[in-house]
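Quick note: the coordinates plus some simple rules give every number you see, no bench work behind them. Here the structure is a predicted model, which is why all the values come from computation and not from measurement. Don't worry about glycine lacking a Cβ; one is built from the backbone with ideal geometry, like all the others, and counts go over all protein chains shown.
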Amino acid sequence: MAEGLDELLDEVESKFCRPGPLRRGAAGRPRGCGGGVLGTERDRAAAEETLRSAETFEKEDDLDSLINEIFEEPNLDKKPVKLKSKSSCNPSVRASTQSLGKSCSPVYLGGSTAPCGIGTNTSQRACDRLRCVACDFRVVSYDDYMWDQSCDYLFFRNNMPEFQKLRTKLVKKPGARAYACQCSWRTAEALTALQADPQLRWVCGRH
């Protein structure tokens, strides 16, 4: 009787407490003593977690590859920008630009018969770009006119540079030229160097 009971226990132990052969579809999971159902659930959860991790890693790899392709791919649509030179190609423009900024030396006043332009020692011309450094007004001139003797500082102070008001003190005189700013006035009949009249604060404003 005792021997039969031992054999029965051995058979039960061999069936339920020892690893048995793998079944088809068990995905290689061994059966343990008393833990068949619990072990299966744990294995299934572990397998799902592993699958999710693999999918996450695959997505991250794809995203990294896409970013690398964006930064490494050369942009063939952009064309090099050509900067245009600001310098003029017209010789006449360059010549006119170079001629600007010249000033008279010495500065001349002259009557209506004296030619106007850039005055030099060899080319004596009346300056027509005079400016007063005292009142900061441009000097105006009127050919074939002279200033009346009654002119004073207040007259020019109040009426410059309106010709309609200034003409009330202009007297017709052929060959003369009347000069004036807001603080000084002169009448010239012959070509005269400006340095001969030190009271005038007129300079060449450059041609």
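Net charge in the neighbourhood of residue 159 (other residues with Cβ under 12 Å of its Cβ; Lys, Arg +1, Asp, Glu -1) is +2. Using a simple spin-label model with pseudo-atoms 7 Å out from Cα toward Cβ, residue 195 and residue 207 lie 1.8 nm apart. Could you calculate the FRET efficiency of residue 162 with residue 136 from 1/(1 + (r/R0)^6), where r is the beta carbon distance between them and R0 is 25 Å, rounded to 0.05? Once rounded, the FRET efficiency stands at 0.90. Magnitude of the charge dipole for the range 107-200, about its Cα centre and with charges confined to Cβ atoms of Lys, Arg (+1) and Asp, Glu (-1), is about 140 debye.
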